[in-house]
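All remarks here apply to the structure that follows.
The values are calculated or read from the model by the stated rules, or taken from the named source; none is laboratory data. Bear in mind that the values here come from a model prediction, so they are computed numbers and not experimental data. Every residue, glycine as well, gets a Cβ built from its backbone with ideal geometry; the counts of neighbours run over all protein chains shown.
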Amino acid sequence: MAGHSQFSLLTQRRFLPYFTVQALGAFNDNVYRQAIIGLLFFLGVSSAERTLYTNLAPAIFILPYFLFSGIAGQIAERMEKQRLIRITTLMEIAIMSVAAVGFLASNMILLLVALFFTGVQAALFGPVKYSILPSVLRPEELTGGNGLVEMGTSISILCGMIYGGLIYQVAGAWGPETAAASIVALAVLGNMAARRIPVVDAGDPSLKVNWNPFPENLRVWKLTRRTPAVRNAVLGVSWFWFIGTMITAQLPTYAEINLGGAQELYIFALALFSVGVGVGSLLCEKLSARTVEIGLVPLGALGVSAFMLDLYFARPGEALAAGLGAAEFLRQPGSWRIAMDLAGIGLFVGFYVVPLYALIQSRTPRGELSRVIAGMNIQNAVFIVSAALAGIAVQRLLGWSIPQLFLALAIANLLVATYIVTIVPEFLMRFLSWLLVRTLYRLRIQGIEEHVPDEGPALLVCNHVSYMDALVLAASTPRPVRFVMYHRIFDIPVLRWIFRTARAIPIAPEKEDPALMQHAFDEIDRTLAEGGLVAIFPEGRLTADGEIAAFRRGVERIVERAAGRGQAVPVVPMALQNMWASMWSRRGARAGEGWLGRMRLPRRLRARIGVVAGPPVAGADATAASLEAAVRNLRGNNP
């Protein structure tokens, strides 16, 4: 994987036109909404009337998500995706043309009607925005692709708000004409980019669309709850929208009262948060080594709460100054701490949400993904509205200050994160294994994306060097893997919980425990029959001298059992490199020592290790001897 980067996707037609469409859409939506607010100031309406419109506009935009998301999910499932994106961008041109007339005529009713239909167009585009990614990206590219999308969305929203807010200030008397021309031009550019997207097959072209929105909304929402991991990932994404809405809704008042600034300082604070989200989203690929690494989710939740807590303590009361610009604010005592907190919250929000989107895309069947995304959008809309109402309620009814609200949100975020990882321990397990592997080693991966199949069953075979081997391989493989391991290693304290949560399969020699051995083979058969990945260490034990021992015939037995039920299972040889010097290997062990006594300090901190995969071997050709030779060749002189 060396030399590959998520940024290379921006040079490829399968991704760049789609990325451009979604970024332009987010940019244009925010230009439009901010230009409406600018028009209110331009017309000199009263403060009460301006407040009415600014509160009404978000409700009008979000309403179509409640009304039409179920129908949108079905349409996105049934239609070829490039065609649907072209249709939605054509809709955007028509809607923005109506809005342009509203700006030129200074007609707020027409602008609000167009805003409603902008919400309809966004609800229709939402399911295809995320369901298209697994069709155009390989599994190892999902995290990087989602990171780019979240970065693009975050920065586009920020830039759209800035551009839309400046239209009337810069253009002056030509403000309405500039706003009208801008939104139509952006819509046309989006449609031109959409025409460059390659054809992408429908998820379920035979699906019959139910045009009754209310039962269909409930049906698609229930689809999000079918799989525990997906259900809780959807809950996590909705909570991200709750946090984001709560923070961004308070920033204008927070910048004025608690930071002592005006409009410029609000934009600066929003920029810190948005850029933080963008940077965090982009870093996910690097931190996850191009896998769907949900271990970043607990890390993201902890980071968000930590920075929000510090934001409360950094400025719990009102500012002592007023009317500060961004530069003047940064010269105030404690200002850099606040700036770091705002950027840090955004950074860890990126760590939090990108793996959740990638998990939903990788664990949901292709024929249901658009509807699952639609169900998630309904739930997101509920959380967005709840955040807006909760923010108003705690300040108006309870008299909380905004820093107190941030403190409560930090605590609530920890509680929600704890709930999610309690219900699906896989999140915490992956976090612990990710933390162990990334702390102890610098991992280099070769051949995984080329040779481990993106879907369907496969048997992975690898040399066995240390107690950490399973965790290292899990961190290197985009898909979930069930490991077969000696039951005494499976029962090691601390690691035992991780292995059990990862659904590892304990095994024992037939002479030692024949029942456990039979149960292990039955679990292997069931996992392969369901199209999963199984990894085994055919040596049967840890190496005692760093060399690869003879492979046992268990691998042949697994392949023969699969063939006996009519299933051809490819076998992928893999090799761990440079693990013999690990503190978790048996290097330097003395007779009679337990696993804890065998631990040795590594010769260097964060040693470089490698995982190499070779071409799959057809099951009929997979013998213990040939696989052993393949693994030896892959390992080379790197024990």
| Is it true that Met151 is under 29 Å from Thr178 (Cβ atoms) and surrounded by 24 or more Cβ atoms within 10 Å (Cβ to Cβ)? | yes
| message | Give me the helices (runs of 4 or more DSSP H) completely within region 277-381, filtered to those with at least 1 residues that are among the polar types (S, T, N, Q) and farther than 30 Å from Leu207 by Cα, ordered by residue number. | response | 296-314, 335-363
| query | Would you say Arg606 is surrounded by fewer than 18 Cβ atoms within 10 Å (Cβ to Cβ), basic (Lys, Arg) and either at pLDDT 90 or above or touching a Gly at 6+ places or on another chain (Cβ under 8 Å) (or both)? | reply | no
| request: Tell me which residues, restricted to region 449-465, are among the β-branched types (Val, Ile, Thr) and either surrounded by fewer than 22 Cβ atoms within 10 Å (Cβ to Cβ) or in a loop (DSSP other than H, G, I, E, B) (or both). | output: Val452, Val465
| note | Flagged pairs (Cβ under 9 angstrom, 6 or more apart or on separate chains; first in region 42-58, under 24 Å from Val170 (Cα atoms); second at pLDDT 75 or above and hydroxyl-bearing (Ser, Thr, Tyr)) are Phe42/Ser106; Phe42/Tyr168; Leu43/Ser106; Val45/Tyr53
| query | Can you tell which of Pro478, Pro493 is within 23 Å of Leu435 (Cβ to Cβ) and in contact with an Asp or Glu (Cβ under 6 Å, 6 or more places away or on another chain)? | reply | Pro478
| Taking region 131-140 on its own, how many of its residues are in a helix (DSSP H, G or I) and buried (at least 24 other Cβ atoms within 10 Å of the Cβ)? | 2
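Considering only region 149-176, state which residues are under 30 Å from Leu9 (Cα atoms) and of a type in the set (S, T, N, Q).
Thr153, Ser154, Ser156
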| query | Within region 409-430, is there a residue that is small (Gly, Ala, Ser), more than 25 Å from Leu142 (Cα to Cα) and in contact with a helix residue (DSSP H, G or I) (Cβ under 8 Å, 6 or more places away or on another chain)? | reply | yes
| said: One residue is enough: does region 247-269 have a residue meeting the conditions over 20 Å from Ile420 (Cβ atoms), at pLDDT 95 or above and over 21 Å from the mean Cα position of the chain (by Cα)? | reply: no
| task | Name every residue in region 203-246 that is over 24 Å from Val354 (Cα atoms) and of a type in the set (A, V, I, L, M, F, W, C), in order of residue number. | result | Leu207, Val209, Trp211, Phe214, Leu218
| task | Go through region 364-421 and count every residue that is without any contact (Cβ under 8 Å) to a residue 12 or more places away in the chain and under 22 Å from Pro127 (Cα atoms). | result | 1
| request: For region 38-56, enumerate the residues that are out of contact with any helix residue (DSSP H, G or I) (no Cβ under 6 Å at 6 or more places or on another chain) and of a type in the set (A, V, I, L, M, F, W, C). | output: Leu39, Phe41, Leu43, Val45, Ala48, Leu52, Leu56
| Name the residues in region 501-525 that are of a type outside the set (A, V, I, L, M, F, W, C), at pLDDT 85 or above and closer than 30 Å to Ile360 by Cα, would you? | Arg503, Pro506, Asp522, Glu523, Asp525
| query | Does region 220-237 contain any residue that is under 30 Å from Arg337 (Cβ atoms) and buried (at least 19 other Cβ atoms within 10 Å of the Cβ)? | reply | yes
| said: Among the residues that make up region 58-65, is at least one of them closer than 24 Å to Leu186 by Cα, aromatic (Phe, Trp, Tyr), at pLDDT below 95 and within 23 Å of the chain's Cα centre (by Cα)? | reply: yes
| field | Those residues of region 416-436 which are β-branched (Val, Ile, Thr), surrounded by fewer than 21 Cβ atoms within 10 Å (Cβ to Cβ) and over 18 Å from Ser305 (Cβ atoms), in sequence order | value | Ile423
